[in-house]
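Reading through the C-alpha cells given below for one structure.
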Amino acid sequence: GSLPKWVVNKSSQLLAPKAMKKMYKACLKYPEWKQKHDPHFKPWLFPEQSRLPALPLSELSLQHADSLENIDESALAESKDDRGEASDEDSVN
C-alpha cells in the first residue's frame, strides 16, 4: 500500500530532521567509542578481517544483460506524481 501524502510530508518535515540530528551527534562520538571497542577491527578497509563465511565461487553465476527480462515501458505515460510536480495543495505549506 501507499502512504497518504500528508504522512510523507509531515514525516519528512519533522522526523527526518530529528533523525539526522541524532545521527550527527552519534557520528561525533564515534571516534572516541571506536578507540574503546576493537579499534583495529575495520573489515570495510581490510576484507581479510571479515568474520563472515566466504561464499564458494561454485555458488556464483554470471548473469549477462541479454539474459535479463526486457520490459518495454515506452508506451506508458508519466503521471503528474511521477514527474515530481507539486500540486496546488502541496504549495500551501
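Since every read-out is calculated from the coordinates, none of them should be taken as a lab result. Remember, predicted model here, so these are calculated numbers, not experimental data. When we count neighbours, we look across all protein chains shown, and the Cβ atoms used for this are built from the backbone with ideal geometry, even at glycine.
Apply the Kirkwood formula to the range 18-57: the hydrodynamic radius equals the inverse of the mean of 1/r over all pairs of different alpha-carbon atoms; give it in Å with one decimal. Hydrodynamic radius (Kirkwood, Cα only) of the range 18-57 equals 12.4 Å. Spin-label pair Ala16-Leu76: with each label point 7 Å from Cα along the Cα-Cβ axis, the two points sit 2.3 nm from one another.
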